[in-house]
1. How about the range 59-88: which of its residues are part of a strand (DSSP E or B) and in contact with a helix residue (DSSP H, G or I) (Cβ under 8 Å, 6 or more places away or on another chain)?
2. Pairs please, first residue from the range 275-301 and at positive phi, second anywhere and assigned to a loop (DSSP other than H, G, I, E, B) and at pLDDT 90 or above, Cβ atoms under 6 Å, 6+ apart in sequence or on different chains.
3. Evaluate the following for residue 207: is it outside the structural domain of residue 49 (by TED's automatic domain parsing) and in contact (Cβ under 8 Å) with a residue 40 or more places away in the chain?
4. Starting from the range 252-273, take each residue that is assigned by TED's automatic domain parsing to the domain that holds residue 204 and on the phi > 0 side of the Ramachandran plot and list its partners that are in a loop (DSSP other than H, G, I, E, B) and surrounded by 12 or more Cβ atoms within 10 Å (Cβ to Cβ), counting only C-beta distances under 9 angstrom and pairs at least six apart or across chains.
5. Does at least one position in the range 49-56 carry a residue that is free of Cβ contacts under 8 Å to residues at least 40 places away in the same chain, assigned by TED's automatic domain parsing to the domain that holds residue 127, touching a helix residue (DSSP H, G or I) at 6+ places or on another chain (Cβ under 7 Å) and crowded, with 19+ Cβ neighbours inside 10 Å?
6. With the structure loaded, tell me whether residue 123 is closer than 22 Å to residue 79 by Cα, at pLDDT 95 or above, surrounded by 14 or more Cβ atoms within 10 Å (Cβ to Cβ) and in the same structural domain as residue 70 (by TED's automatic domain parsing) or whether it fails that test.
7. How many of the residues making up the range 89-123 are closer than 11 Å to residue 45 by Cβ and part of a helix (DSSP H, G or I)?
8. For the range 281-301: of the residues being within 14 Å of residue 250 (Cα to Cα) and surrounded by 13 or more Cβ atoms within 10 Å (Cβ to Cβ), which is modelled with the lowest pLDDT?
């Protein structure tokens, strides 16, 4: 499993629907290949509560170590990723919702005064939530209550979720409104990361050199390697191979020829493709193609 994104790293997964733009789910970091979910962003706000284990969670240029009981607020349109820590398992609850669910319609006072005030400020990309802080403990409990509602939906499920999210947002507003009012500064390194990821996404199935990638960001090769490893947790060429394999998965379901799929994602030979595929997916391309997807319910912890 891995997060699927557009070329600009925007996640393709739908978080609810237009009528009820809320997604509530239990996730496991070990369910993602290599124990990490890649950098991505979405217009929805994401609230996460760690149920067990530990996770290294990155939002923009901040890295957090989160343990059971901790939570994190990830703002709308913020780049974020997560990594398994020291091979340890981690289970977490995710509540993702579009800001419009809070304010109803554009340019309402709820939108301009209370929601945009937070979602439009790049300084507030994230906030770690701890049970040691009373208002944050209440937010974490509200997140848990939203999940409990989703497991046995009452007749007024959507209304009660809306009320809990408004309660959470009021606490965020009270907190952020007391923070220094500094104008957001451009984050050039984050734009550089977006540019590199976009370039790789557009050319991953071609013969890419380190020089090509470095030129796309207007930096030298050594700086490009250091910068990419720091923000992505892997080398550029590991990421390119990983991306090739991920993009080959839907093709395997549609195409009979392994050779053709290997060529479409930029492998020079089907044998090398199969070798790299097995490294990342722990099975051969044919085994993956023939296996029946299984959807297991993850118990609440």
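The values are calculated or read from the model by the stated rules, or taken from the named source; none is laboratory data. All values reported here derive from a predicted model rather than from experimental measurement. In this analysis, Cβ positions are derived from the backbone assuming ideal geometry, glycine residues included, and neighbour counts consider all displayed protein chains.
1. 71, 73, 81, 82, 83, 84, listed by residue number.
2. Sorted first by the residue in the range 275-301, then by its partner, the list stays empty.
3. Yes.
4. Cβ pairs passing all conditions: 266/204; 266/205; 266/208.
5. Checking the range 49-56: at least one residue is free of Cβ contacts under 8 Å to residues at least 40 places away in the same chain, assigned by TED's automatic domain parsing to the domain that holds residue 127, touching a helix residue (DSSP H, G or I) at 6+ places or on another chain (Cβ under 7 Å) and crowded, with 19+ Cβ neighbours inside 10 Å.
6. Details: closer than 22 Å to residue 79 by Cα: yes; at pLDDT 95 or above: no; surrounded by 14 or more Cβ atoms within 10 Å (Cβ to Cβ): yes; in the same structural domain as residue 70 (by TED's automatic domain parsing): yes.
No: the conditions fail for residue 123.
7. Residues meeting the conditions: 6.
8. Ranking the candidates gives 281 first.
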